[in-house]
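Each remark here refers to the structure printed beneath this line.
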Amino acid sequence: MKNTSSCLEASVSVRVLMPNAFHKHTNGTREVRSNAGNLPELITEIETTFPALKTHLRDEQGQVRRFINFYVNEEDIRFLGNDKYAFKDGDEVLVIPSIAGGSCGGCSYCGQEDCACC
């Protein structure tokens, strides 16, 4: 009999907390669970689950908007290796849009002029 347990990969469960500013794009969902292994996978999963967030998370070139920050267990993911950081089971990921004042160029969350973030 073949041992199937060796074929199974360990599943990672990550808790993702969405900011208040995004709740209108997530139908009020404040928290999601993800099995993403890293940040690029997580962003793709969030965008698939909540398509209205895509333009708020990425710019026209597909890059994460510079005012969107991700924290893993309260530490900025940029200091953990950014896209190379491999999520661990039980990690808590915070999605934090930076807020800047005095901008005439559009929304301080996503940079778009006609935005419903605020």
Original post:
To the nearest 10 square angstrom, how much accessible area does S11 have with a 1.4 angstrom probe?
Top reply: 80 Å²
Subject >> Accessible surface of F87 - all protein chains present, 1.4 Å probe, nearest 10 Å² >> reply: 10 Å²
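The values are calculated or read from the model by the stated rules, or taken from the named source; none is laboratory data. On a predicted model such as this, the values are computed, not experimentally measured, just so you know. For the accessible areas, the whole protein counts, side chains as well, though only heavy atoms, and no ligand, DNA or RNA atoms are used. Shrake-Rupley method; radii C 1.70, N 1.55, O 1.52, S 1.80 Å.
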